[in-house]
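We did not get these values from a lab; they are worked out from the coordinates using the rules stated. Computed from a prediction, not measured in an experiment: that's the story for all the values here. All Cβ positions, glycine included, derive from the backbone under ideal geometry; neighbour counts span all protein chains shown.
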Amino acid sequence: MKKLFLFSKGFLLLCLFVTHFSSAQTVNTDYATQINNTFQNLDKTKIPHKLLIDYAMEFAELSAYNGTLTTDNLVHRGTYAEIYNTLLMARVQTNVAGLVNPTTFKTNWDNLRQKNKIVVSGLYYKYNQFKSNASPNFVTITNNKLYDKYVNGVWQNPYDEKQVFAVTTPLLKYNSLSMEVQLPSALWYTNQSSSVQSIAVDFNDGLGYQTLAFGQIKTVSYAQPGVKEWKYKLTLTNNQVLYSHSKIQIDAEVPPTNSNTALQRTINQPCTVNQFGIDQVEFYGTRQYLGQANSATLEIDYANTNGCGTITKPLIVVEGFDSGLLGIENVLGENALSDFLRQVNQNSGLELPSQINTYDIIYVNWNQGKDYL
């Protein structure tokens, strides 16, 4: 039964794909009509978790994210959304715990993202799937419609229980060796809240798994940049342990030893430099665009060897507007003074004045693609 049904779903999807390109402006409901027609006679209240994967238009293979780590089941934001949307499509009843519409799902995450902090999101769901021998042993198929089967008045359960666990970051690249990490309770989606004992994360920083309570902020630091694999461990109340993993590229310079750190300042605060001798100054526009006052960050490399000083010989470098793809977490966006200086050191053909080291270099970072000041 299952092979036949999967073939019919695949054939239907192919037809919808062709229809989409022949009439791009038309919302096609053929899949919903067909799938509901096939399943209309099943008693949906008998599906234990109200999620049936055979009913879904599958964006992701949920069985690949069953709590076992493999080289093929790394989770990034795109695959995470596909997993979530597959669960949405698997609903046979609307009141499934934790599931919200896709727009709310995206907005919830976007609203909680912050500068210099990585806010992760995760899900753990139990769902159901037809047993491999469901037909004819546990369901009946007549005229391409499914019916519950009873033997001597006893309902035959055709459903296996499955589970899916996935956690990931909202971005793939972070331009600093240190960060705060948080898993807010609002970004944890599950229909098994009473079964969750704890969540822990191995940040690939040499400290092993660290328990991460909902809302708790963890400070994570790396000695060296590189691609870091984050492993997430979910421990259930029955002591079963499930795993998920994601990767993030830490792209940052290693600061010199015996150097002080300094926070980014506003234009009215006294000069102070960071580990690299750079003064970061943030200022805000005086007018709003689309209801928001935009901002930019100046990175100033003073010619004065003591770090801070008076700007007497400015060389102003203005970056192109960022696309915003690196996210709000990366304060300086896709380009920074360090990138410019790297190009200078590599003699990349930039037309620059001689003795550039005698200039106060002012690098202007437009924050996250905001283009009105």
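Listed by chain and number, the lysines placed with their C-alpha closer than 25 angstrom to that of K162 are K2, K3, K9, K44, K46, K50, K126, K131, K145, K149, K231, K233; residues fewer than eight positions away on the same chain are left out. The residues neighbouring E180, those whose beta-carbon lies less than 13 Å from its own, together hold a net charge of +3 under the Lys/Arg +1, Asp/Glu -1 convention. Placing a pseudo-label 7 Å from each Cα along the Cα-to-Cβ vector at L315 and E161 gives an inter-label distance of 6.7 nm. In this label model, E253 and T358 are separated by 2.3 nm, measuring between points 7 Å along each Cα→Cβ vector. With neighbour counts taken as other beta-carbon atoms within 10 Å, the residues T211, T169, T190 rank, fewest first, as T211, T190, T169. Estimated translational diffusion coefficient (Stokes-Einstein, Kirkwood radius over Cα pairs, 4 °C, 1.567 mPa s) of segment 41-250: 70 µm² per second. Each of L187, Y125, Q224 was placed along the dipole of segment 41-250 (beta-carbon charges, centred on the mean Cα), and the one lying farthest toward the positive end is L187. By the count of other C-beta atoms within 10 Å, a proxy for reagent exposure, E299, E253 are ordered fewest to most as E253, E299. Each residue, N143 and T103, gets one label point 7 Å from its Cα in the Cβ direction; the gap between the two is 3.9 nm. For the pair L112 and Y284 in one chain, pulling the backbone fully straight at 0.36 nm per residue adds 59.8 nm over the alpha carbon distance.
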